[in-house]
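Below is one structure, written out as structure tokens, with a few remarks after it.
The values are calculated or read from the model by the stated rules, or taken from the named source; none is laboratory data. Everything numeric here is computed off the predicted structure, so don't read it as measured data. Cβ placement follows ideal geometry from the backbone for every residue including glycine, while neighbour counts extend to all protein chains displayed. What goes into the accessible areas is simple: the full protein's heavy atoms, side chains included, and nothing from ligands, DNA or RNA. Shrake-Rupley method; radii C 1.70, N 1.55, O 1.52, S 1.80 Å.
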Amino acid sequence: MKLARYVGDGRVEIVEEAEPVCPEGGLLVRTEACGLCSGELMSWYMDRKIPHVLGHEVAGIVIESQDDRFPVGSRVFPHHHAPCLNCEECAAGRHVHCLQWKRTKLNPGGMAEVFAAGPENLTDTIAINDMRPVDAALIEPLACVMKSTRLASKSDAGSVAVIGLGVMGLMHLAMLGTNAVGYDVNPARVEWARELGLQGKPVEESSPADLIFVCPGSQQAFDFATRIANPEATIMMFAPLAPSQQLLVPQDIYFRDIKIMHSYSCGPLDTLAAAEAIRDGRLRAEQVVSNFIGIDELPSAYQQMKHGSILKPMVMFEPIPKTP
């Protein structure tokens, strides 16, 4: 089978390897659609994983099953990280800190013609027979957004801002509704948001906000958030800076009573919320995917997304279904 492997220095290669076998108690899945995650573009993060098969934004059809909940022929979205649901961290709702969550993964990865999901992954696997594969492949990134907005909803916010109108910023805007305004330095991304009926604006037209989601992992984006933050505002950091960088927090954050929060990945409740949002029509693949491609086109599309010339590619292992 074909798969996409990150080989280092920002490069992806398409190689052929033997198909995995179905793990005991698990599933073997034929991939239908797999998106490229923006986190997979971060060289500092990816280089420490070499060799690494890309892909966790994935949907496919079960071709072998050892779990009666997911029979052969059913469509599934399996989360690449799945918690045990029994430990102290899970009981407290801190699923991303569960030891099982940290060690689980798809074999060899979702960006392959066939992948395996072990029994531990099935604690966060959803049947998606009623969804298009291209939409179901967005469950994982949208679940991260659902967690971010859920945590931030504990703050009493009036005006809401989203910094960065890449894929994750667009998803935030789509979930937050008409009260939210998104900002970007890239005019093309501002226009994309506007074409979706969302409030996209250049940074020069910014207004003060009570709740600010910072989607890019950069000092520049954080600094912009501090400039537009009202007193007692909340700044939600959605992405990390590189390990070599330290987030510099100005002293006046203290005197303005500004709260800084973080949101890392997602858990099963967020996965379910994302799936329901997609079923309800609140997000469709065409809103955030700019390029539907074959796997052989991925190395080029990887570079294009990394350099900002396209918004997001999704690899189609089956023809894309027509929009109803």
Mean Cβ neighbour count within 10 Å, used as a protection proxy, ranking 83-90, 242-249 highest first
83-90, 242-249
Can you sort 21, 288 by solvent-accessible area, 1.4 Å probe, largest first?
21, 288
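Just need the relative contact order of the stretch 204-301 here, percent rounded to a whole number, with Cα pairs under 8 Å and 6+ apart.
22
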Binned Cα-Cα distances of the stretch 190-324, short to long, each 10 Å bin given as a whole percent
9, 27, 37, 21, 6, 1
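Find the relative contact order for the chain and round it to a whole percent, using C-alpha pairs within less than 8 Å whose residues are 6+ positions apart.
Averaging sequence separation for qualifying contacts and normalising by length gives 19 percent for the chain.
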Kindly work out what percent of the DSSP beta bridges joining two residues of the chain are antiparallel, to the nearest 5.
55
Could you tell me what fraction of 2.2 N^0.38 Å the Cα radius of gyration of the stretch 102-160 comes to, as a two-decimal ratio?
1.49
On a 28 Å Cα-Cα criterion, which of the cross-link pairs 259/306; 105/201; 201/306; 147/201; 49/201; 105/259 come out too long?
259/306; 105/201; 49/201; 105/259
So if I take the alpha carbon set of the stretch 72-118, get Rg, then get Rh from the Kirkwood formula, what is the Rg over Rh ratio?
1.07
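Report the per residue volume, in Å³, of the convex hull enclosing the C-alpha atoms of the stretch 1-131. Could you put the intermediate results ahead of the total?
Details: hull volume 14.8 nm³, N = 131.
Output value, Cα hull per residue: 113 Å³.
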Consider all pairwise Cα distances in the stretch 143-197 and report the whole-number % of them above 17 Å.
31
Given a cut-off of under 8 Å on Cα pairs at least six residues apart, what relative contact order in percent is computed for the stretch 21-157?
32
Can you return the aspartates and glutamates within cross-link range of residue 102? Criterion is Cα-Cα under 19 Å, with same-chain partners fewer than 8 residues away left out.
40, 47, 57, 88, 89, 120, 124, 140, 270
May I have the pair-distance distribution P(r) for the stretch 214-285, computed from all Cα-Cα distances with 10 Å bins from 0 and rounded to whole percent?
17, 37, 27, 17, 2
Heavy-atom accessible area of the stretch 34-148 with neighbours in place, 1.4 angstrom probe: carbon+sulfur share in percent works out to 51
Could you give the length gained by full extension between residue 223 and residue 129, i.e. 0.36 nm per residue of separation minus their alpha carbon distance, to one decimal place?
29.5 nm
I'd like to know how the stretch 16-80 sits against the 2.2 N^0.38 Å rule of thumb: what's its Cα Rg over that expected value?
1.29
Once all Cα-Cα distances of the stretch 43-108 are split into 10 Å bins that start at 0, what whole-number percent is in each one?
18, 35, 36, 11, 0
Dipole of the stretch 74-168, positive end: most advanced residue of 126, 98, 137 [Cβ charges, Cα centre]:
98
Testing the spin-label approximation: label points 7 Å from Cα along Cα→Cβ at residue 279 and residue 14. State their distance in nm.
3.5
Write down the Kirkwood hydrodynamic radius of the stretch 126-226, to one decimal in angstroms, obtained as one divided by the mean of 1/r over all alpha carbon pairs.
14.2
Using only alpha carbon positions, build the gyration tensor of the chain, then give the equivalent ellipsoid semi-axes as the square roots of 5 times its eigenvalues, largest first, whole angstrom.
33, 21, 19
